[in-house]
Amino acid sequence: MLTNVKNPPFFYGYTIIIAGFFMQTVVWGISNSFGVFFDPLINEFGWSRATISGAASLGFLVHGISSILLGNLSDRFGPRVVMSICGLFLGLGFFLVKNVQSVWQLYFFYGVVASIGLGGTDVIPLSTVSRWFKKKRGMMSGIIKVGTGVGMFVMPFFINGLLIKYGWRTSFMLLSFITIVSVVSLAQFLVRDPAQKSQFIDNETNQALRKKNESEQGLTFAQATRTRQLWTICVIYFIILFCVYTVLIHIVQHAIDLGISSTVSAGILSTIGGVSIFGRFLMGVAGDKIGEKSALLICILCLLASLFWLQFVDTLWMFYLFGTIYGFAHGGFFSLVSPIVAKFFGTKSHGLLYGIVIFSSTIGGAIGPVMAGTIFDVTQSYKMVFLILTALCTIALALTLSLRPLTCNKVRVD
């Protein structure tokens, strides 16, 4: 006679949520604060902003490439050891930056070494969460990504305090120690799937008839690559990051060009960061309630509306309204990508497939800001840039509408 499995006193999946949240806060908080180091580097070396920005752009591409490898390694060997190695790469990269004397060193230490470790910060914890949660997968992914928004608020102030007191070289050394200790310590709480803790996905009890843990169901990597849906999602997120990072890099300068002070213009980014926290959580929950595709459509419509509005923005209140609408969409995009991959392809090869989508998106994120800068240099205006972004966002909307669930007779899709 079969009996139900009793609920354990504590579901370990929540531990993974907490660990992922704080890893996002520390790592993305530091990474997104790279601009704080511009003035010290310019003052010491006389490098241009374009030169320093190049290190961040290179890092973005390396982050995307390493996400594929690290997602695959996490699928095969588990998240604990792979995330620990990522923490060591991050810490080593930051530590080496303190010794920078030339541009190539900045590009290699920050753009390559540290960014290899950065590649695991999303794919590993979010892929792990997808194996522990199904019913609340979007909400839990959203909670982890809220950590990114919190880091965007906390770390710039913290790092600025370090710069004032210790200078940029010592600040990078201290950040390297903070990163290694926090990431490696938190990585020890990551467990690949519920089976390793003798638990079940979503902490369900009626699992006696299941011969295999549901966290391991879905398409193999080879099967997924033969589907139109995978490459459609890659193109959608290529466009999304193309638009998102173009706006983040250029919106402050656009406001300054229209006569708004640099200090006040920076508040637009703060608005985006603050509203994104709500977007990350609410759209993660929405993905669970109305489906990931529907939630993504809402985010794209918000992005499209904000880009259309941007064509006419010329006063501060209009910028803040733009930042509110755009920030909500921005946050939602990053909470939905992992659940979307799990929804369409299951979790058997989730880390590797998620890494491919991240890589596709980082290409867009690297190209977009450069394209915008080039167009502005030629036309002395962002008008053409905003029109291109609006057109691309419309294409992303159409592609999302075209997504259909997979049907597979051989493999059940989660």
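The values are calculated or read from the model by the stated rules, or taken from the named source; none is laboratory data. Quick caveat, the model's predicted, so the values are computed rather than measured. Note: ideal-geometry Cβ built from the backbone for every residue, glycine included; neighbour counts use all protein chains shown.
Below are the figures for this structure:
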| quantity | calculated |
| --- | --- |
| Enumerated helices (runs of 4 or more DSSP H) restricted to the range 7-83, each holding at least 2 residues that are under 16 Å from the mean Cα position of the chain (by Cα) | 13-31, 49-77 |
| Members of the range 167-190 found to be buried (at least 21 other Cβ atoms within 10 Å of the Cβ) and more than 18 Å from Val36 (Cβ to Cβ), listed by number | Val183, Leu186, Ala187, Leu190 |
| Enumeration of residues in the range 350-380 that are over 13 Å from Ile65 (Cβ atoms) and polar (S, T, N, Q) | Thr374, Thr379, Gln380 |
| Residue identified as in the same structural domain as Phe319 (by TED's automatic domain parsing), surrounded by fewer than 18 Cβ atoms within 10 Å (Cβ to Cβ), within 20 Å of the chain's Cα centre (by Cα) and among the hydroxyl-bearing types (Ser, Thr, Tyr) among Ser270, Ser276 | Ser270 |
| Residue ID - farthest from the chain's Cα centre (by Cα), chosen from residues in the range 94-113 that are under 18 Å from Leu41 (Cα atoms), assigned to a helix (DSSP H, G or I) and touching a residue at least 40 places away in the same chain (Cβ under 8 Å) | Val103 |
| Residue match in the range 326-338 (condition: more than 21 Å from Thr148 (Cβ to Cβ), touching a residue at least 12 places away in the same chain (Cβ under 8 Å) and either over 21 Å from the mean Cα position of the chain (by Cα) or in a helix (DSSP H, G or I) (or both)) | no |
| Tabulated pairs, the range 66-86, first outside the structural domain of Ile180 (by TED's automatic domain parsing), second crowded, with 18+ Cβ neighbours inside 10 Å, C-beta under 8 angstrom, 6+ apart or interchain | none |
| Members of the range 23-58 that are surrounded by 21 or more Cβ atoms within 10 Å (Cβ to Cβ) and either within 13 Å of Thr121 (Cα to Cα) or modelled with pLDDT of 85 or more (or both) | Met23, Gln24, Thr25, Val26, Val27, Trp28, Gly29, Ile30, Ser31 |
| Unique match (being in a helix (DSSP H, G or I), farther than 23 Å from Ala398 by Cβ, touching a strand residue (DSSP E or B) at 6+ places or on another chain (Cβ under 8 Å) and not basic (Lys, Arg)) among Ala255, Ala342 | Ala342 |
